[in-house]
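The values are calculated or read from the model by the stated rules, or taken from the named source; none is laboratory data. Predicted, not measured: the structure shown is a model, and the values here were computed from it. As a convention, Cβ positions derive from the backbone with ideal geometry for all residues, glycine included, and neighbour counts pool all protein chains shown. Calculation scope for accessible area: heavy atoms of the full protein, side chains included, ligands and nucleic acids excluded. Shrake-Rupley method; radii C 1.70, N 1.55, O 1.52, S 1.80 Å.
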Amino acid sequence: MGICFVGERRRFDKFLAEYLPQREGDVVASNGRVIGRHHGLFTKTIGQAASIPGVSGMNGKWYIYAKDPVKNCMYAALGRENPLLFSNDITAGPMHWIAGTAPKFGPDNRLELDAQVRDHISVRFRDAQFGVASGQYLTLYQGDVCLGSAPIGSTTDTARNR
């Protein structure tokens, strides 16, 4: 995928490596076993397929489901349908409502607004969403109309909701 100022024929991680220090760290499987090394947390995003030398291709593809900047670790799950890659609960905020206030949400919507505390909201999706990460934006639409948006603060993956 390209970004206009980077160019379509240039890998985004290579571009970032020119500006950010590469700090190698472990890639850890969901069972806690170290399965490889990464060249910087910025090189992969949540939900992205990870090519892990010596492990990739064995029993399927690996996907990044979490990162820990304190430990400098990426966490990988085997298979695109792994529950660790899906979230059904998120918190986001501060919320910016286009109309100035939150609209009413009902049972016919694709999501339920669980709670709004000041300018933060908790959202539970009917269908778990793939590759959601803190720092991404939650943007709510009603048809083609943007209702508002907020940065995602935390997520709960479906594996923890069983």
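Couple of notes before you dig in:
- Only residues that are of a type outside the set (S, T, N, Q) and part of a strand (DSSP E or B) were counted across the stretch 119-145, and they come to 14.
- Lone unmet requirement of (1) assigned to a strand (DSSP E or B); (2) open to solvent by less than 60 Å² (accessible area, probe 1.4 Å); (3) at pLDDT 90 or above for ILE46: (1)
- Selection count where residues are closer than 21 Å to PRO151 by Cα, assigned to a loop (DSSP other than H, G, I, E, B) and open to solvent by 20 Å² or more (accessible area, probe 1.4 Å), scope the stretch 77-94: 1
- Checking each residue in the stretch 63-76 for being crowded, with 17+ Cβ neighbours inside 10 Å and among the basic types (Lys, Arg) picks out only LYS67.
- Looking across GLY32, GLY54, GLY60, GLY106, one residue alone is modelled with pLDDT of 90 or more, part of a loop (DSSP other than H, G, I, E, B) and either open to solvent by 80 Å² or more (accessible area, probe 1.4 Å) or over 21 Å from PRO151 (Cα atoms) (or both). It is GLY32.
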